Amino acid sequence: MNINDKFMTEALCQAKISAEQDEVPIGAVIVKDGSIIAYAHNTRNASKNAVEHAEIVAIERACKELKDWRLTGCDLYVTLEPCVMCLGACYNARISNVYFGAYDLSGKGCVQLSEMIGRTLNHELTLHGGVLEEECSEILTEYFRKKR
């Protein structure tokens, strides 16, 4: 198993926790220097807070861990392609790389948006899609199949 698969597997474990709590199963981890410094999963329903996406919660926890709002040198692994809000948070936190599993076909994706945002900010962020894509897509498909 390569290093990206290893960290995405940890994000998938977080997504499973979301599903068990009847949250949309999206999980995230933030890695610095080869170690996970923050774990998170969606908590919007439980918290009644629209911005508690897995990525946002992970960023908050990583900032507390590092005692800095700058997550320079950190990588985010998330099971679903980030939404616009989460992508903006990644830029603002100065995350270096975002690795995501499933592509968000309903949201039209953030890859093109990232290219546009990147030209307007003083920070470069690189997106890497399709890490364990099948496994990340399956957990979402299964969750919504059960809901219907």
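The values are calculated or read from the model by the stated rules, or taken from the named source; none is laboratory data. Note that the coordinates shown come from a computational prediction; the quantities given were computed from them, not determined experimentally. When the accessible area is computed, the model is the full protein with side chains, heavy atoms only, and any ligands, DNA or RNA have been set aside. Shrake-Rupley method; radii C 1.70, N 1.55, O 1.52, S 1.80 Å.
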For the range 15-72 the mean separation of alpha carbon contacts under 8 Å (6+ apart) over residue count, i.e. relative contact order in percent, is 27 percent
Relative to the chain, whose Cα atoms define the longest principal axis, helix 3-20 and its Cα axis are tilted in degrees, nearest 10, by 50 degrees
Tilt, helix 133-147 to longest principal axis of the chain (alpha-carbon atoms), in degrees rounded to tens, equals 50 degrees
Result for the chain: accessible area per residue, probe 1.4 angstrom, in square angstrom, of 54 Å²
Fraction of alpha-carbon pairs in the range 21-96 farther than 22 Å apart, rounded to whole percent, equals 15 percent
Looking only at aspartates and glutamates whose Cα falls under 19 Å of residue 48's and that sit 8 or more positions away or on another chain, we get 20, 22, 23, 60
Karplus-derived 3J(HN,Hα) from phi for the range 22-29 (6.51 cos²θ - 1.76 cosθ + 1.60, θ = phi - 60°), whole Hz, x at Gly and Pro, runs 6, 10, 4, x, 10, x, 8, 9
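Of 67/146; 6/67; 16/64, which pairs sit farther than 30 Å apart, going by alpha carbon to alpha carbon? Can you show the working numbers first?
Working: 67/146 40 Å; 6/67 26 Å; 16/64 24 Å.
Beyond 30 Å: 67/146.
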In units of 2.2 N^0.38 Å, the Cα radius of gyration of the range 48-87 is 1.18
Fraction of alpha-carbon pairs in the chain farther than 20 Å apart, rounded to whole percent, equals 42 percent
Most fluctuating of 84, 131, 98 in the GNM of the chain (C-alpha, under 10 Å) is 84
Note on the chain: contact order normalised by length, alpha-carbon pairs under 8 Å, 6 or more apart, percent, works out to 21 percent
quick note, the chain, DSSP beta bridge pairs, % antiparallel (nearest 5) is 60 percent
Phi angles of the range 81-86, converted by Karplus (6.51 cos²θ - 1.76 cosθ + 1.60, θ = phi - 60°) into ³J(HN,Hα) in whole Hz with x for Gly and Pro, give 3, x, 7, 4, 4, 5
Most fluctuating of 54, 102, 28 in the GNM of the chain (C-alpha, under 10 Å) is 102
For residue 101, other-chain or 5+-apart residues with amide H closer than 5 Å (H placed, Pro excluded) are 78, 79, 80, 81, 130, 131
